[in-house]
Amino acid sequence: MIASGNDYALEAQFELRRGNLAITANIRVGAGEIVALLGPNGAGKTTLLECVAGALAISNGHITISGATVDDPGAGIWQPPENRQIGMVFQDNLLFPHMNVIDNVAFSLRCNGHSKKSARRKAAEVLLFLGVAELERKPIEELSGGQTKQVAIARSIIQEPSLLLLDEPLSGLDALASSKLRAFAVNNLKALQIGCLLVTHDSDFVVEIADRVYVLESGIVTEFGQPDDLRPKPNTPYVADFAGTNSYNGMVRNGQLVINPSFQLQVANLSTVGPVNVSINPRSISLHRNASQGSPRNNLPVVIDSVESLGDITRIVTYEPTPLVIDITTISANELNVRQGEHLWATIKATEIDVEPLAL
Amino acid sequence: MKSPPSVQRLPLVVRLAASTGALFLIIPIVGLVGKASWSSLLLDLKNELVLDALQISITSSIAAALLAVLFGTPLGIAMARITNKWSVVLRSIVLLPMILPPVVGGSALLFALGRNGIFGKPLFQTTGLILPYSWAGVVIANLFVALPFVVLSVESGHRLLDRRYELASASLGAGANRRLTSITLPLLRPSILAGGLLAWGRALGEFGATITFAGNMPGTTQTLPLAVYGALETDRQLALAISLLMVSLSLFIVITMRQHWWSHR
Amino acid sequence: MAASSLTNVFSDIAEMFQTANPEADVKLIFAGSGSLREQVIDGAYFDIIATANQDVMDALIEAAEVTDPKVFARNVLTLVSPIDQQPPISSPDQLRESNLLVGVCIETVPCGALTFDYLTSAGLKPNIVTKEQNVRSLLTKVLENELDAAFVYVTDAQLHPDKVISIPLLPKHLKAANYPIARSAGSDTSELALKFLEFLGTDKVLSLLISYGFLLP
């Protein structure tokens, strides 16, 4: 979805410094678009959310929410958080502990002059719409982790803001609560047509929900695009790790690709020499109990670190010195009966290895 | 969760020192209770002097505690938020009455608010109001020593408070006033209450600043501690009876405070 | 042990006694007379006790705590007022004006008992705003101009001639305070205690007492 002009829920050019981290980033969220912000810890993701929310000020650039500029140091514009048309769901929710569920949800209406009665009525409607009407009268401390997050989302969308900020919505939830909340978010956030800027570590969630992805590393956007575009050719090891791609730095010597002394590969049509970046699609690696013979293939002895089922696909990760992420069909994984700590053989076709010279 | 007994068991030295500490606090109370003549206790307390002092003590200490909450809460919040160099100065000034001998505090009040004091003189000349020797004087002396308890309690409570609750409420459209009344103050309620109770207890036991600033006039400014002090020179049994009354009052405050804390933790 | 109104003069006497008797080690304990009595009855250790009122001493004699009591000095009340009091007070009759702030000692201490005796006898009902436990705290409030007038001992008034004026009271309404001194009835009275009592009768001490404003018995 491409938005233009004032159709952006968020159009921002950030420039600021937090401690040792200099952040420079351009972020856009179209109306109704769900945009994920990915990146390692300390990359500045939450800082960007706090700038949009108004907890922090940028030192250069501008932040425009639905056509209204709320922070532009050059033009001397600054709007405090309460004047910005946003909803924010904090990583730890921050439901007000001295109010029950319905008064938490009704809070923003009360701030805008609604009577207690009408605010509560509207809050009850929102809870009903989100399918959690039964929580209405509950005190905050009786909510489960997942319910707390649902109420926090309800509280921040009741006024239908044009932009919703979500900071790590899945953090702190167990597997069941996490999958429930993912379904909740996918169904509701998509339906509400509210622009969303979301910080998360969960790749499946991003693939399920996000229209576009920004990757922020050390304060800089290193990658952006649709989630599926990131997989085949990652720009950085972080993106590779996130997308489940194998990405290494290595050397080409005498027609041989060396990643480390025990990890050397044959590559078809090798035309470069010197330092290179190597990426291997996890799906083009196969696993065997015995070393295969004869063909011009790469046969590597590997030790299994973890086996994780992703539905039809099973993801297998192996230990150093040959760390590989291998995606095989769950059927063949069951046939192989792979267990952690087992010694197996990985086979990589020479034509499936992508080698690019490293720009120095 | 219960720890296994082997973990709960403290070293002998610690247990001995702890018992000594506890004994040291219990012994004086035992002395009071042991020396009292219980048969005449009620009769002693029905004395007009005691009833007057009780009434003055209760009303003035409650008034001081309420004023301490009224002014100490904003001061505590302000102190938690001020980060410039003046905060150190401000904090020292606020702490001073807790460390200062109350007699010194009373003298300071006399020099400032007395009929001939820096602020008291213009007050007297314009309104004819004299603060010493009055019930208001007792309240002022109590307030001086009790205020820091509310300020400190609220300040430390505010420091423990997650400031992002305010950001959360601001992002929901709450302006500064609503953030204060709907979020900050309710979240600070336990600290305000604890500070208020401590202030009340401190005001109830106030002696030095009161006798120095407000004087000792039975029926007007003589509080229970002042009455004990006077009775010690004349009638030991009466002094004991008043002391026991004060112990019960203080115990009531302490128990209220504990119950309050337990219900919040 | 000595009554608090003896603080200054007894400190001087103790110093003089120690100069004359280098082997002596005089320890002074000052408190209100009533408080002294309670301490003694509670078993406090002492060699010599001087009180500011005969009743207290009588109680101690009755309790067989002391022996050989003897009045060694007397004191009378006076009315003091801040030196810059406007309009100045020159007669106790001015206390009939109810807007003057008057302080007294509380009835239960000797100076208070004397004060109320005087007020009854003179038929005065001043506007009493505070009844202090001791003369010192009463005097402090006069020095700070927080009281317009107060009844204190002549000896106390004499300590601050530059800050308070002393208005004499008619002797016919006035009772003097006797300062009796006695030694502990405990078995062995020390040589030094007897020596100290003897020392009180010397001219040096008598003139010191007079210089502090005490009357001699």
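Every read-out reported here was derived from the displayed coordinates using simple, explicitly stated rules and does not represent laboratory data. Since the model is a prediction, treat every value here as computed from it, not as a measurement. Positions of Cβ are generated from backbone atoms using ideal geometry, with glycine treated the same way; all protein chains shown enter the neighbour counts.
Look at the stretch B:160-170: the mean tally of other chain Cβ atoms within 10 Å of its residues' Cβ atoms is 6.
For B:179, C:96, the sequence from fewest to most other C-beta atoms within 10 Å is C:96, B:179. Peptide packing: for A:102-113, C:120-131, the average count of neighbouring Cβ atoms within 10 Å per residue gives the ranking A:102-113, C:120-131, highest mean first.
Listed by Cβ neighbour count within 10 Å, with the fewest neighbours leading, A:51, C:111 appear as A:51, C:111. A cut-off of 5 Å between modelled amide H atoms, ignoring neighbours fewer than 5 places along the same chain, links residue A:23 with A:16, A:17, A:18. Counting only the Cα atoms, region B:34-264 fills a convex hull of 152 Å³ per residue. Taking a span of 24 Å or more along the helix axis (Cα atoms) and a mean Kyte-Doolittle hydropathy of at least 0.5 as the rule, the DSSP H helices of chain B that qualify are B:12-35, B:48-81, B:135-160, B:185-204, B:236-264.
Viscosity 1.567 mPa s, temperature 4 °C: give me the Stokes-Einstein translational D for chain A in µm²/s, with Rh taken as the Kirkwood radius over C-alpha pairs. Don't jump to the answer; show the numbers that get you there.
Values: Rh = 22.9 Å.
D, rounded to a whole number, is 57 µm²/s.
Under 5 Å between amide hydrogens, built in the peptide plane, is the criterion, and for residue A:223 it picks out A:215 among residues at least 5 positions away or on other chains. Take each residue of peptide A:92-99, count the partner chain Cβ atoms within 10 Å of its Cβ, and average: the result is 4.
Classified by the C-alpha gyration tensor, region A:247-357 has a prolate form. Its axis ratio a/c, with a ≥ b ≥ c, is 1.5 or above, and a/b is larger than b/c. The equivalent ellipsoid that matches the C-alpha gyration tensor of region B:130-241 spans semi-axes of 42, 14, 9 angstrom, in descending order. Summarising the amide proton neighbourhood of residue B:114: residues at separation of 5 or more, or on other chains, whose placed amide H is nearer than 5 Å comprise B:120. If I fit a long axis through the Cα atoms of helix A:145-157 and take the longest principal axis of the Cα atoms of chain A, what angle between them do I get, 0 to 90°, rounded to 10? The answer is roughly 60 degrees.
Taking the DSSP beta bridges with both ends in the protein assembly as shown, the antiparallel portion is around 75 percent. The translational diffusion coefficient of the protein assembly as shown, from Stokes-Einstein at 37 °C and 0.692 mPa s with a Kirkwood hydrodynamic radius over alpha carbon pairs, comes to 93 µm²/s. Which shape class applies to region C:77-173: rounded if a/c is under 1.5, otherwise prolate when a/b exceeds b/c and oblate if not, where a ≥ b ≥ c are the square roots of the Cα gyration tensor eigenvalues? Here region C:77-173 falls in the rounded category.
Simple rule: put +1 on each Lys or Arg Cβ and -1 on each Asp or Glu Cβ in the protein assembly as shown, find the dipole, and look at A:247, C:14, A:102; the Cα lying farthest toward the positive end is A:102. In degrees between 0 and 90, to the nearest 10, how far off the longest principal axis of chain A does helix A:101-111 point, with axes built from Cα atoms? It works out to around 60 degrees. Remark: region A:329-341, residue by residue, has Karplus-estimated 3J(HN,Hα) of 5, 4, 4, 5, 4, 5, 4, 6, 6, 6, 10, 4, x Hz, where x stands for each Gly or Pro and the curve is 6.51 cos²θ - 1.76 cosθ + 1.60 at θ = phi - 60°. Computed about its Cα centre, the charge dipole of the protein assembly as shown is approximately 1240 debye, with only Lys, Arg, Asp and Glu carrying charge at their Cβ.
The angle separating the long axis of helix C:110-122 from the principal Cα axis of greatest extent in chain C is about 40 degrees. Placing +1 on each Lys and Arg Cβ and -1 on each Asp and Glu Cβ, with no other charges, gives chain B a dipole about its Cα centre of roughly 1140 debye. Using a 10 Å cut-off on Cβ to Cβ distances, tally the other chain neighbours for every residue of B:131-137 and report the average as a whole number. That works out to 3 on average. For chain A, a crude dipole built from +1 on the beta carbon of Lys and Arg and -1 on the beta carbon of Asp and Glu, taken about the Cα centre, is about 380 debye to the nearest 20.
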